[in-house]
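For reference, the structure is listed below as structure tokens.
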Amino acid sequence: MEALSFFIVIATGIVVMLISTMLDHLWAQVLPMRVFYYLIRAPGVVVHECSHILGCLLTGASITNIVFFSKDGGSVTYTRPKLPVLGNVIISSAPLFCIPLVLTGLAWIFSAYLGCTFPAFPASIDSAGTLHSLGIDIVELFRQNLVAAFHPWFLLYLYLTLSLVLSVAPSRQDIRNAAVGIVFIAFLGLLIFVSAVPWAVSTLWQVTSIVGIGFALGLAFGLIAFVISLPPLAWYIWTHRPRAP
């Protein structure tokens, strides 16, 4: 059961990255002027790069350059981290964990201080039932804040959520930096579960549960961003449909 949950968590993380990449590509295509795309992406890019900065601080890497805004997005240049193997993984994948936490904090702020209503999203995605429950919660989120009662601040929340979700996925350079470490972690996790050493399995299960919460939140916010993207997606499909001769 633990091994299955381990790979479900990994699969959830991959889905979160795919949603982020897909939506980022969509918005880059549908917006008529590049400046609008930059405006949508700006908050997410800042949080994305700040996540890398936090990863550097945690792993002992020295930061040599920070770029928040450029035509190619942001970047953080750093020296080799002092933490071996895992250092590059932590730095490169930091946005995948930090951005869902920031989004959770935003949901709390908009709920506690700005009158918006938020359902309790599942803490993990471990069955078809929890995935179905997540879908219902997202529909209810839009219904309560736009239909049952209109909350203007909810529109700002949707903008920030979209911006941050577009920046969740690691860049190609991030993936290259962390590739070896990610393969190592996945292989090590498989070995631990196969070995059935009680203390090792218990420790990995606790870590997997914590990571799973972050990925589950990432999936929830990714699906919210997907709903936001449905109108421009429909417009893009309509305008690019094959024309009759």
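Within the stretch 169-182, how many residues turn out to be assigned to a helix (DSSP H, G or I) and surrounded by 12 or more Cβ atoms within 10 Å (Cβ to Cβ)?
9
Could you give me the residue pairs with C-beta distances under 9 Å whose first residue belongs to the stretch 217-230 and is closer than 17 Å to W108 by Cα, whose second residue is at pLDDT below 85 and of a type in the set (K, R) wherever it lies, and which are 6+ apart or on separate chains?
Note: no pairs meet the criteria.
Between residues in the stretch 15-35 that are more than 17 Å from W238 (Cα to Cα) and residues that are modelled with pLDDT of 85 or more and of a type in the set (D, E, K, R), which pairs lie under 8 Å by C-beta distance while being six or more apart or on different chains?
Correct list of pairs: D24/R41.
Restricting attention to the stretch 179-202, which residues are of a type in the set (S, T, Y) and at pLDDT 75 or above?
Correct list: S202 only.
Can you tell which of L96, L101, L141 is closer than 30 Å to T79 by Cβ and out of contact with any Leu (no Cβ under 9 Å at 6 or more places or on another chain)?
None of the others qualify; the one that does is L96.
Considering only the stretch 192-207, how many residues are of a type in the set (A, V, I, L, M) and out of contact with any helix residue (DSSP H, G or I) (no Cβ under 7 Å at 6 or more places or on another chain)?
So the count comes out to 4.
Give the number of residues within the stretch 48-59 that are touching a residue at least 40 places away in the same chain (Cβ under 8 Å) and either buried (at least 20 other Cβ atoms within 10 Å of the Cβ) or of a type in the set (S, T, Y) (or both).
Total meeting the criteria: 3.
The values are calculated or read from the model by the stated rules, or taken from the named source; none is laboratory data. Just so it is clear, the structure is predicted and the values come from calculations on it, not from any experiment. Cβ: placed from backbone, ideal geometry, glycine included. Neighbour counts: every protein chain shown.
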